[in-house]
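What follows is a short report on a single structure.
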Amino acid sequence: MEQKAFFHNCLFVEETAGGVIPRRFTQSQREYWDSMGEVRAARARSCAGITLRANTSAEEISFSYQILSHCGEKLAFDLYENGRLTDSAVHLASGGRGNVRFRRVFTGEGEVLIYLPFTAELLINGFDFGEDGRAVPPGIFSGKILWLGDSISQGMHASHPSQTLTAILGRRWNVEIVNQGVGGCGFKDICRDFSYGDWKPGQMVILLGTNDTGPALTQWDTYSQRLKGCLEDICDTFQPENVRMVTPFWRADCIKPEIGEPFEKICGLLREESRRLGIPLTEGTEVSPHCGDFYHDLRLHPNDMGFAVIGEALQGLHGISQ
């Protein structure tokens with residue numbers, strides 16, 4: 001069995017002499033993010049949302065990795081067995097390379113699902129899923145969703161990669177979600193190349209705007225035209241009824257006029273564009289908790305508990321799981 005067959009939630013798997021690299025952006029999309037600087041490139045190249053999945057009876061499973069780039073100090077790997085979180089491993093990015101080894105809790109044949117870290121781009125090799133280990137076919141999913149977002153979608157500041165928004169909803173909806181969240185981005189600078197090679201998503205979710213308060217405050221006319229153009233480009237690729245838009249989540253710092261005023265203008269424009277283009281819209285401030293305890297930084301980025309609450313609120317996202 002080819003190693004790349006074990007990967008899900010990615011556009012494709014790049015094969016190299018030293019191992020395989022799962023990719024959530026096309027080559028042209030990666031070139032765009034590379035042109036945005038080293039920090040943005042590392043975020044775009046990370047394994048956010050990507051999983052390894054197999055059926056096996058082995059007592060232990062393992063693989064090795066080499067870090068090609070990273071956007072965080074730690075790498076977390078989560079193990080699910082038969083739909084249950086059973087173990088997690090946290091490594092330091094400073095190590096450069098390592099080996100992930102899990103001893104299974106359940107005995108006998110079962111499904112294992114490993115969530116890769118959203119903080120690193122990895123070259124992976126040395127798979128050992130047991131003598132009878134075999135890949136889980138893509139047919140297990142009921143559909144494919146492309147998720148466009150920023151650091152919140154990427155999962156930044158969750159403690160576990162399995163507890164990010166796309167991971168939670170992917171399990172609940174039983175769909176394959178390619179997470180194209182990139183920390184720091186917004187409508188102001190999102191890649192507008194909406195081609196995905198052989199991976200054909202049936203739906204798209206857009207969760208953007210949180211990072212746009214600066215340009216919305218100082219260059220509203222330019223910013224608003226870019227937002228409109230971005231949504232029009234999306235509707236040229238996807239039928240509007242197959243797109244779901246979520247306005248930005250609650251921010252504690254919206255009490256500051258320089259944040260709150262452009263934030264409201266962005267949300268208002270998204271509502272107008274939703275009506276104009278026929279894109280179903282969900283109010284982000286209605287599905288996110290308005291309490292700092294649910295946020296890693298007490299104001300913006302959800303922690304694991306925050307993602308769980310938002311995931312529960314979004315599970316009926318306009319029938320997207322149908």
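Note on the stretch 93-122: among residues that are open to solvent by 20 Å² or more (accessible area, probe 1.4 Å) and part of a strand (DSSP E or B), the one that is farthest from residue 24 (Cα to Cα) is 103.
Just one of 136, 178 is aliphatic (A, V, I, L, M) and at pLDDT 95 or above; which is it?
Every option except 178 fails the conditions.
Residues checked against (1) under 27 Å from residue 141 (Cα atoms); (2) without any contact (Cβ under 8 Å) to a residue 24 or more places away in the chain; (3) touching a Leu at 6+ places or on another chain (Cβ under 7 Å); (4) not small (Gly, Ala, Ser):
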residue	(1), (2), (3), (4)
180	yes, no, yes, yes
185	no, no, no, yes
194	yes, no, no, yes
212	no, no, no, yes
216	no, no, no, no
222	no, yes, no, yes
225	no, yes, no, yes
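Of the numbered criteria (1) more than 22 Å from residue 32 (Cα to Cα); (2) out of contact with any Phe, Trp or Tyr (no Cβ under 8 Å at 6 or more places or on another chain), the one residue 206 fails is (1). Scanning the stretch 1-29 for residues that are in a loop (DSSP other than H, G, I, E, B) and among the acidic types (Asp, Glu) returns a single hit, 2. Within the stretch 279-308, residues that are in contact (Cβ under 8 Å) with a residue 24 or more places away in the chain and within 13 Å of residue 207 (Cα to Cα) reach partners that are open to solvent by 20 Å² or more (accessible area, probe 1.4 Å) and among the acidic types (Asp, Glu) with beta carbons closer than 8 Å, at six or more positions or on different chains, in the pairs 280/241. Total residues in the stretch 149-168 satisfying the condition of being open to solvent by less than 50 Å² (accessible area, probe 1.4 Å), over 15 Å from residue 83 (Cβ atoms), in contact with a Phe, Trp or Tyr (Cβ under 9 Å, 6 or more places away or on another chain) and not polar (S, T, N, Q): the figure is 6. What pairs come out if I take residues in the stretch 91-105 that are in contact (Cβ under 8 Å) with a residue 60 or more places away in the chain and pair them with residues that are of a type in the set (Asp, Glu) whose C-beta lies under 7 Å away, six or more apart or interchain? Qualifying pairs under 7 Å: none. If the condition is being more than 19 Å from the chain's Cα centre (by Cα) and open to solvent by less than 50 Å² (accessible area, probe 1.4 Å), then the stretch 126-148 contributes 126, 127, 129, 130, 133, 135, 136. For beta carbons closer than 7 Å, sequence separation of 6+ or different chains, a first residue in the stretch 57-79 that is under 19 Å from residue 158 (Cα atoms) and of a type in the set (A, V, I, L, M, F, W, C) and a second that is assigned to a strand (DSSP E or B) and open to solvent by less than 10 Å² (accessible area, probe 1.4 Å), the qualifying pairs are 75/120; 77/100; 77/114; 79/102; 79/112; 79/114.
Could you tell me whether residue 201 is closer than 19 Å to residue 279 by Cβ, in contact with a Gly (Cβ under 7 Å, 6 or more places away or on another chain), without any contact (Cβ under 8 Å) to a residue 60 or more places away in the chain and assigned to a loop (DSSP other than H, G, I, E, B)? No: the conditions fail for residue 201.
Among the residues of the stretch 197-209, the ones that are open to solvent by 20 Å² or more (accessible area, probe 1.4 Å) and in contact with a Ser or Thr (Cβ under 7 Å, 6 or more places away or on another chain) come to 1 in all.
When the stretch 176-191 is filtered for residues that are open to solvent by 10 Å² or more (accessible area, probe 1.4 Å) and closer than 13 Å to residue 146 by Cα, only 176 remains.
The C-beta contact set for the stretch 123-144 (first residue more than 26 Å from residue 103 (Cβ to Cβ) and in contact (Cβ under 8 Å) with a residue 24 or more places away in the chain, second residue open to solvent by 60 Å² or more (accessible area, probe 1.4 Å) and in a loop (DSSP other than H, G, I, E, B), distance under 7 angstrom, 6+ apart or interchain) comprises 141/174; 142/174; 144/200.
Looking at the stretch 234-322, the helices (runs of 4 or more DSSP H) lying wholly inside it that each contain 2 or more residues that are more than 18 Å from residue 153 (Cβ to Cβ) and among the basic types (Lys, Arg) sit at 257-277.
The values are calculated or read from the model by the stated rules, or taken from the named source; none is laboratory data. Being a predicted model, the structure only gives us computed values, none of them experimental. Note that each Cβ is placed from the backbone with ideal geometry, even for glycine, and that neighbours are counted across all protein chains shown. With ligands, DNA and RNA removed, areas are computed over all heavy atoms of the protein, side chains included. Shrake-Rupley method; radii C 1.70, N 1.55, O 1.52, S 1.80 Å.
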